[in-house]
Structures are given as structure tokens and as C-alpha cells.
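Bear in mind that the values in this text are calculations on the coordinates, not laboratory data. Note that the structure is a prediction, hence the values are computed from the model and not measured. Backbone-built Cβ (ideal geometry, glycine too); neighbour counts: all protein chains shown.
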Amino acid sequence: MNERVQVVVIGAGLAGSAAALALARGGAKVVVLERRSEGELGHLPGGWISGAVVSKLFSNWRQEIPLERRVVEQRLSLLTQDGAVWIDHSDRSEGEKPASVFTMRRDRFDPWMLQKVREAGAELRLGVDVSGVSYNAVVGRTQVVHSTGRIDCTVAVIATGIDALLRPNSRGRPQPHLTGLHETLEGEAGLIDRRFGAKGDRGVVMRFVLGFLGAEERGLGYLATYRNGIGSGVVLQTPPTVDRESRVREVLEQFKGHWVVAPFLRNLEKVGESVQRIPTHFSAGRLYAPGQLFAGDGGGLHGWSGAWTSGWSTALRSGRAAGAAALEAVRTNDGSEARLEAYVTHLREDGVIRDTRRGLRAMNGLWFDHRLHRTYPRAFSDLLHRMMTETGAPKEPIAKAARSVFRAQGVRAIGLLRDANRLGKGA
């Protein structure tokens with residue numbers, strides 16, 4: 001069956017849904033193609049998202065969106081096998097701020113958002129495999145070939161994740177990436193409130209540097225509180241010869257069994273899991289091609305630095321920008337590369353490209369650097385042990401103890417200051 005519409009959105013994740021929503025609201029005739037079935041859409045990782053971002057998509061967002069908890073406490077921990085150093089920031093003031101962050105479960109958020117896409121007028125087709133996208137420069141149309149036919153359109157927005165099998169010149173080769181494994185755990189009502197000291201809709205997010213891994217591995221973990229459960233997960237960088245999915249499962253079990261983490265997870269039951277691949281490279285020149293726009297992870301746009309920013313927020317932002325650029329192309333009936341270059345302008349204006357590059361600098365230069373994962377957890381743990389332990393002997397000055405500890409780990413003062421500066425710029 002051959003059809004003709006104005007825009008085809010390939011992928012019904014956050015980026016694809018945001019693009020389809022912007023297009024449908026703008027009056028474009030949109031078809032969304034998603035290879036997964038309705039039931040498979042629930043197998044997605046959770047995490048946290050910016051209230052400032054979703055407020056640009058939905059005016060009545062606090063009353064409508066199925067968010068979990070408003071994050072009022074964020075913790076960062078450097079873990080070793082037998083030690084832990086915590087950095088804790090809490091803001092339990094009354095009232096929400098424009099930059100409030102909320103935890104979310106995508107098995108709840110995504111179906112709700114897809115319903116909003118339908119209500120806006122877009123057509124959603126699930127269980128459809130797309131096998132190719134091509135642009136015919138003679139007629140100025142894009143052809144999308146799928147499992148039941150072909151659709152001609154002005155623009156195709158490709159939001160298929162890091163697989164990126166449809167990207168120009170990719171030839172299906174896997175992109176460089178990190179591997180993540182995420183679980184959703186549930187427990188009895190009130191358990192999360194008691195365990196984390198969070199009441200009502202207030203929540204906690206914890207991030208962990210996994211300093212107990214092997215010499216060639218780097219990993220980060222997290223816990224995020226939901227209303228009656230927890231999101232738990234790890235992101236792992238491993239040597240290319242390792243079976244990544246098997247190894248990330250082993251590391252997640254190590255993380256959950258760590259003596260610091262395990263008490264938070266007692267008496268919780270796993271209700272879902274998902275594997276995620278996170279791109280580690282980005283090129284603004286590969287965000288668009290004649291008749292095609294690449295959004296979310298498919299464009300390398302994730303804004304994930306391992307520390308502060310939320311990849312889900314960036315997916316929504318990039319999808320919204322792709323929708324705006326595609327709508328301009330529809331109104332001028334021009335899907336040429338010159339017209340679609342406006343997509344990059346939208347991304348720059350919203351800070352998406354800046355945040356992606358900043359996140360990649362932090363990811364590749366610090367968050368997965370051997371010093372953060374092996375040197376600093378041990379050094380800070382040893383230093384605090386010296387400061388907190390009572391032996392009956394006079395304690396040495398903190399500055400002297402710090403010099404001794406860091407020197408023993410091979411860290412000079414200038415190196416410590418350099419890494420602190422990189423953290424500030426990258427994260």
C-alpha cells in the first residue's frame with residue numbers, strides 16, 4: 001500500500017512523540033511508525049526529567065503528566081569495595097521552582113504522551129518495521145519503506161535511538177556507545193517514604209561512582225525514588241572484547257549488593273527492566289540530510305553527562321526542535337537539505353547542542369576517567385577515615401593529611417585542581 005502524507009515520524013519514544021506532537025499541533029498530517037507493540041512500550045527505563053522542559057510542551061503539565069516525585073534531595077557517592085564518600089544537596093523548601101526536577105517511569109509517561117499525540121491529530125501505527133528511507137531530489141519527496149508498504153512525505157523525522165540503522169552511510173554498523181541496564185522495583189505503600197525520609201510527592205535521586213570495578217572498566221549507578229518504588233540502574237564502559245550486556249547485568253547485581261546500596265532495595269520486587277545504549281560521539285553535520293531529520297539518541301543528542309543533566313529532557317527538546325523544523329519544511333513544501341538546516345538553528349537556540357557537547361566532554365573526559373573511578377574514591381575514603389578515626393594520638397592537620405593521602409595515590413595538587421575545573425566545565 002502506497003500513501004502520501006506530509007511528515008512521517010519513525011520511532012514513538014520521547015523524541016519521536018515530541019516531534020509528532022509539535023507537528024500535529026501545527027496542523028501537519030503526521031503518521032508515527034513504531035516497531036514495538038503496545039505492550040512492549042512499557043519496557044523502558046525510568047529516571048528524572050526537567051519540569052521546565054515539559055512545561056513548554058504542556059501548559060497544565062503538573063495536573064496532567066504522570067510524574068512520580070519532585071526531587072528535593074540529590075546525592076553523589078564515590079564507592080569503593082569497603083568505603084563510601086557522600087556529597088549531599090537538599091532543598092526541602094515549600095513550593096516548586098521553575099527548574100524543579102521530577103522522577104518519572106517511562107512505562108507510565110510514554111503511553112500517556114502517545115495518547116496526547118493521538119489527541120493532537122497524529123496517526124500512530126504500532127508493530128511496523130521501517131526498512132529504508134530515501135530522498136528523491138527530482139520530485140522533492142522522501143520515501144519511507146515499511147513492512148506493509150510505502151509512504152511518500154516531505155520530511156521523515158528519524159527517532160529510532162542509537163541503532164540508527166537508517167542514518168546515511170551507517171550501513172547498520174553499531175555506533176560507539178556505553179551500555180546501561182535499568183530496573184523498576186516496587187514495594188508496599190509507604191515503604192519508600194520511610195526508607196528515604198521523603199514524604200508525599202518529594203523524592204530523592206542518588207548517583208554513584210562505581211570505584212570497585214576492574215582496572216579497565218568504568219561505571220556509574222543510580223537510584224531514583226518513585227511513588228511506590230525505585231528506579232535502579234548502572235551505565236558501564238567496558239573493553240570492546242567484552243560481552244557488554246552480560247557484563248552490565250553482573251555489574252548491576254554487584255551494585256545492588258553493595259553494602260551501601262543493598263539496604264535501600266530490601267523487600268522490593270522487580271517489575272521491569274530495559275537495556276540502553278548511550279552514544280558517546282556527536283556531529284552536528286549528521287543531524288539532517290535531504291528529507292530527513294535525526295532526533296534524540298539517533299542524532300547523538302542525549303545531554304547525558306552522568307551527573308546532572310537528564311537525557312530524557314534532551315530527547316524531548318530535540319524532538320520539539322525537529323518538529324518545528326519539519327513544520328517549516330511542510331509549509332514551504334521544501335524538504336531540501338538547505339531548508340532542514342534550520343533544525344540545527346532550533347537546537348542551538350534551545351541549548352541542546354551545547355548541552356550535548358558539554359555532556360560528552362564530561363562523559364569522555366572525567367566521568368569515565370580512571371582517576372574518578374579508582375584514585376579519588378580511595379583517596380577521599382582514606383582521608384575521611386584519618387579525620388574521623390580516634391586513635392588517642394594527636395591528629396595531624398587536615399592539609400597535611402590530604403597531601404599525604406593524595407601523594408600516596410599519585411595525585412598532585414595541580415592535578416586535583418585541573419580535574420575540579422574539568423568537572424565544573426563539563427557537568
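If each residue of separation counts as 0.36 nm, what is the full-extension length gain between F58 and T148 once their alpha-carbon separation is subtracted?
Going from the current span to full extension adds 29.0 nm.
In a GNM of the chain with a 10 Å cut-off on Cα contacts, which of I192, I151, I87 has the highest mean-square fluctuation?
I87
Along Cα→Cβ, 7 Å out, is where each label goes; now give me the distance between the ones at D201 and V139 in nm to one decimal.
Roughly 5.0 nm, to one decimal.
Whole-Hz Karplus ³J(HN,Hα) for segment 268-278, in order, using 6.51 cos²θ - 1.76 cosθ + 1.60 and θ = phi - 60°, x for Gly and Pro?
Computed from phi, the couplings for segment 268-278 are 10, 10, 6, 10, x, 8, 7, 9, 10, 10, 10 Hz.
For each pair in K29/K56; K29/K116; K116/K199, compute the distance between the two Cα atoms and list the pairs where it is over 25 Å.
Result: K116/K199 exceed 25 Å.
Loop sites only, by DSSP: take the GluC sites (Glu not before Pro) in the chain that have at most 15 other C-beta atoms within 10 Å and name the longest stretch containing none of them.
Result for the longest clean stretch: 217-340.
Taking 0.36 nm per residue of sequence separation and subtracting the Cα-Cα distance, how much length would be gained by fully extending the chain between E341 and E269, in nm to one decimal?
21.2 nm
Over the chain, one equal point on each Cα, no solvent: what is log10 I(q)/I(0) by the Debye formula at q = 0.12 Å⁻¹?
For the chain, the Cα-only Debye profile gives -0.99.
Under a 10 Å cutoff between Cα atoms, tell me which one of L383, L252, L44 has the largest fluctuation in the Gaussian network model of the chain.
Sorting by GNM fluctuation, first place goes to L383.
Starting from the Kirkwood radius over alpha-carbon pairs of segment 5-70, derive D by Stokes-Einstein at 25 °C in a medium of 0.890 mPa s and give it in µm² s⁻¹.
Once the numbers are plugged in, D ends up at 181 µm²/s.
Using only Cα atoms and rounding to the nearest 10 degrees, what angle (0 to 90) does helix 311-332 make with the longest principal axis of the chain?
Between helix and principal axis, roughly 20 degrees.
Need one number: nm distance between label points at S90 and D243, each 7 Å from Cα along Cα→Cβ, rounded to one decimal.
Label at S90, label at D243, 4.4 nm between them.
How much FRET efficiency would the formula 1/(1 + (r/R0)^6) give for E349 and N2, where r is the Cβ-Cβ distance and R0 is 51 Å, rounded to 0.05?
Plugging the Cβ-Cβ distance into 1/(1 + (r/R0)^6) gives 0.85.
When the chain is treated as a GNM, springs tying every alpha-carbon pair under 10 Å, which of P45, P394, P279 comes out with the largest mean-square fluctuation?
Looking only at P45, P394, P279, the largest GNM fluctuation is found for P394.
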